[in-house]
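The values are calculated or read from the model by the stated rules, or taken from the named source; none is laboratory data. Just so it is clear, the structure is predicted and the values come from calculations on it, not from any experiment. Here the Cβ positions follow ideal geometry from the backbone for every residue, glycine too, while neighbour counts run over all protein chains shown. Ligands, DNA and RNA are stripped out before the accessible areas are found, and what is left, the full protein with its side chains, is counted by its heavy atoms. Shrake-Rupley method; radii C 1.70, N 1.55, O 1.52, S 1.80 Å.
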Amino acid sequence: MSDTPNAASPEFTSLTEHVAPLAAEGHVLHAAFVKNEPVLVLAEGEIVIGERRVAPHRDSGILVAACDRDGIYTGGDDGKIIRTLASGESETLAHEKGKWIDALCVKGDAVAWATGKTVSARDGKGQIKSTVMATTPQGLCFLPKGYRLVIGQYGGVALWFPNVDAAAEKLEWKGAHIDVTVSPDGRFIVTSMQENALHGWRFADKKDMRMTGYPSKTRCFSWSHDGEWLATSGADAAIVWPFQDKDGPMGKAPKELGVRSSKVSSVAFHPKALVVAIGYEDSCVLMCRFTDAAELLVRRASRMDGKISAMAWDEAGRRLLFGTEGGAAGILTLP
Amino acid sequence: MSDKIPVTVLTGYLGAGKTTLLNRILTEEHGKKYAVIVNEFGEVGIDNDLVVGADEEVFEMNNGCICCTVRGDLIRIIENLMKRRGKFDAIIVETTGLADPAPVAQTFFVDEDLSARSRLDAVVTVVDAKWLADRLKDAPEAKNQIAFADVILINKTDLVSEEALAQVEKQIRALNPYAKLHRTVKSNIELDKVLGRNAFDLDRILDIAPDFLDESGAHHHHDDEMQSVSFTAGEVDPDKFMPWINEFTQVEGPKILRSKGILAFKDEPRRFVFQGVHMILDGDLQRPWRDGEKRQSKIVFIGRALDRDAIKKGFEACLV
Ligand SMILES: [Zn+2]
């Protein structure tokens, strides 16, 4: 295990001089580029868009957020689902009075969210459909094809077509499933679990996949641009599972990138190259190249800033945005 | 002590006075802000954006054991609350009258993310002085809530006679000899007797039950089904005790509601303190034994159908 990268050591290349700090001043929940503007969503309720700050949930906190190219979707402890545009204008899409929004995901102009045992989906026309699950949904993700949602919950995942009047199809696996992700080609569904493991299903035949060995829970996933790799948080390195062939990672060892003595809390694959940005609990950020595991330092560790809680690349792969639980943030512009 | 957010678990049967206590905590001037996780949304008549409803969803852990359960909803809600931790000083979890407190407590030992940020402060149970005897007959949950408690409020004492009250206390003591008992009317009590108790802090197990080490010899309270079993002895061999306690709690875990112990390990200047919920154990070496302090060991189990003789035999085999 290597120590904290030392920027003074000659063999270690640093990009820190290309990082501009941003004052988030609050727990960064989510980072994204929307209309090319860097966006930080803060748990206390504010959204930082470039130079401006807006608070669409007013005095309420934001619990969950997701972005697409054009908009920022947030779910708050005021029960509101709000879309905010890069201009700062916002629109309330739904209001679940008196409830907390527990999970949220977007795809195209559709958004889905969960509160209590109810999952709702709103299509681009504004039509909202809801379904009540047997156990509380924890994670949500749209499948890439069609208007269909994967719902992670206790005992497995459910696949729900909001526009079809039929019960959700279940893929069962014992235990509590937390977050859900689907490979970009839709071939694999992967969940993180309460007991520090990942579970996967091959969509075609629902074959199970177990991915274990984590010392803590995985709470961040990132697929490579070609969809062949899945980077995950939860260990003292980014654990990257191979999904090239039809069996996914079964029988194969994952790659471990950026091994340090602090746990990985956030991962973000570059949108065009096999390079992954890795954020740690001590707020260090590294960039690792896949082919030779070469590491570049983006941010030095600073425990007082809290763990890296969100990262995002811009579409061109030129800028990397990151933020911490303690309210520090920065933007790297590649030279 | 630490910057972990303290979490108080408030249990009790419907109508015992739990909601009254909660409302007092939320409205009285004490300079502290509480985030409250309630079981039935709307029961607390207070408009507070830090009051959130929970669905009491119990997750089994993957070892297939029926006693190894956690509250999935708590993990999620507290994780979300922690993102706004500047807004409150402590958390209160209210459970329904039907809830088993064990999964709530276990959640704080089992979930690493949660235990890194929050700590269980105490389990507080409110009972109705008039109706407790009936509840103990017809509701196993009521027994669990008493056996599990660190602090018990015997409420509505104005509605029963002194003799009846003494009888209620006796019944409670049979189930749980170590909890702090308070007699109250309309849940009226100084809040520092309920909040900030540090009952799960290994370092403070003695402060909570000052007579914990006082009694000599074996001690045994019981009702027909649930009992507490305790043994006191001299020095213990850790190489024998640790495997024994691990094995014992693994096998008997479903029957054990709570366990506590202070051990004088041979050649060890510090006291070893442990506590457990079902089969989940938490233990550590704490402060040194003081000069003149008697180096003795004591273990306590509260549970159902515990085999007293087997425990005695097992514990005695660990003695130096
Ligand atoms: Zn168990």
Here are the criteria: (1) without any contact (Cβ under 8 Å) to a residue 40 or more places away in the chain; (2) within 14 Å of another protein chain (Cβ to nearest Cβ). Tell me which single one residue B:138 does not satisfy. (2)
So which of B:305, B:233 is away from the ligand (no atom under 16 Å from the Cβ) and among the aliphatic types (A, V, I, L, M)? B:233
Which of the residues that make up the range B:194-212 are open to solvent by 40 Å² or more (accessible area, probe 1.4 Å) and modelled with pLDDT of 75 or more? B:196, B:197
Quick check on this structure: which one of A:243, A:269 is of a type in the set (Phe, Trp, Tyr) and either open to solvent by less than 10 Å² (accessible area, probe 1.4 Å) or more than 18 Å from the chain's Cα centre (by Cα) (or both)? A:243
Pick from the range B:146-174 the residues that are of a type in the set (A, V, I, L, M) and more than 22 Å from the chain's Cα centre (by Cα): which of them is most open to solvent (accessible area, probe 1.4 Å)? B:159
Count - residues of the range B:272-300 that are surrounded by 14 or more Cβ atoms within 10 Å (Cβ to Cβ) and either away from the ligand (no atom under 16 Å from the Cβ) or part of a strand (DSSP E or B) (or both): 19
What tally of residues in the range A:196-219 results from selecting those that are surrounded by fewer than 16 Cβ atoms within 10 Å (Cβ to Cβ) and more than 26 Å from residue A:30 (Cβ to Cβ)? 8
What single numbered condition from (1) closer than 26 Å to residue A:207 by Cβ; (2) in contact (Cβ under 8 Å) with a residue 24 or more places away in the chain; (3) assigned to a strand (DSSP E or B) fails to hold for residue A:155? (2)
Kindly evaluate residue A:126 against the criterion of being in contact (Cβ under 8 Å) with a residue 24 or more places away in the chain and either surrounded by fewer than 18 Cβ atoms within 10 Å (Cβ to Cβ) or over 23 Å from the mean Cα position of the chain (by Cα) (or both). yes
Among the candidates A:141, A:105, which residue alone is buried (at least 20 other Cβ atoms within 10 Å of the Cβ), away from chain B (no Cβ under 11 Å) and more than 29 Å from residue B:87 (Cβ to Cβ)? A:141
Boolean, residue A:222 is within 14 Å of another protein chain (Cβ to nearest Cβ), closer than 22 Å to residue A:275 by Cα and buried (at least 22 other Cβ atoms within 10 Å of the Cβ): no
For the range B:55-64, how many residues are closer than 21 Å to residue B:26 by Cβ and within 16 Å of the ligand (Cβ to nearest atom)? 0
Filtering strands (runs of 3 or more DSSP E) wholly in the range B:65-145 for at least 3 residues that are over 13 Å from the mean Cα position of the chain (by Cα) and within 16 Å of the ligand (Cβ to nearest atom) gives B:69-71
Only one of (1) without any contact (Cβ under 8 Å) to a residue 24 or more places away in the chain; (2) out of contact with any strand residue (DSSP E or B) (no Cβ under 9 Å at 6 or more places or on another chain) fails for residue B:65. Which number is that? (1)
Please go through the range A:271-291 and pick out each residue that is among the small types (Gly, Ala, Ser) and under 20 Å from residue A:17 (Cβ atoms). A:277, A:279, A:283
Scanning the range B:236-271 residue by residue, the ones that are more than 16 Å from the ligand (Cβ to nearest atom), within 16 Å of the chain's Cα centre (by Cα) and not basic (Lys, Arg) total 1
Of (1) in a strand (DSSP E or B); (2) open to solvent by 10 Å² or more (accessible area, probe 1.4 Å); (3) closer than 18 Å to residue A:22 by Cα, residue A:321 satisfies all except one. Which? (2)
Only unsatisfied item for residue A:17, checking (1) of a type outside the set (A, V, I, L, M); (2) in a loop (DSSP other than H, G, I, E, B); (3) free of Cβ contacts under 8 Å to residues at least 60 places away in the same chain, is (2)
Search the range B:244-270 for residues that are over 22 Å from residue B:201 (Cα atoms) and open to solvent by 50 Å² or more (accessible area, probe 1.4 Å) and pair each with any residue that is within 13 Å of the ligand (Cβ to nearest atom) and in a loop (DSSP other than H, G, I, E, B) when their beta-carbon atoms are under 8 Å apart and the residues are at least 6 apart or on different chains. B:250/B:279; B:254/B:65; B:254/B:66; B:254/B:67; B:254/B:278; B:254/B:279
Here's a check for you: in the range B:64-78, which residue that is of a type outside the set (Lys, Arg) and within 9 Å of chain A (Cβ to nearest Cβ) is most open to solvent (accessible area, probe 1.4 Å)? B:64
Among the residues of the range A:154-172, count how many are modelled with pLDDT under 95 and either within 14 Å of chain B (Cβ to nearest Cβ) or open to solvent by less than 30 Å² (accessible area, probe 1.4 Å) (or both). 3
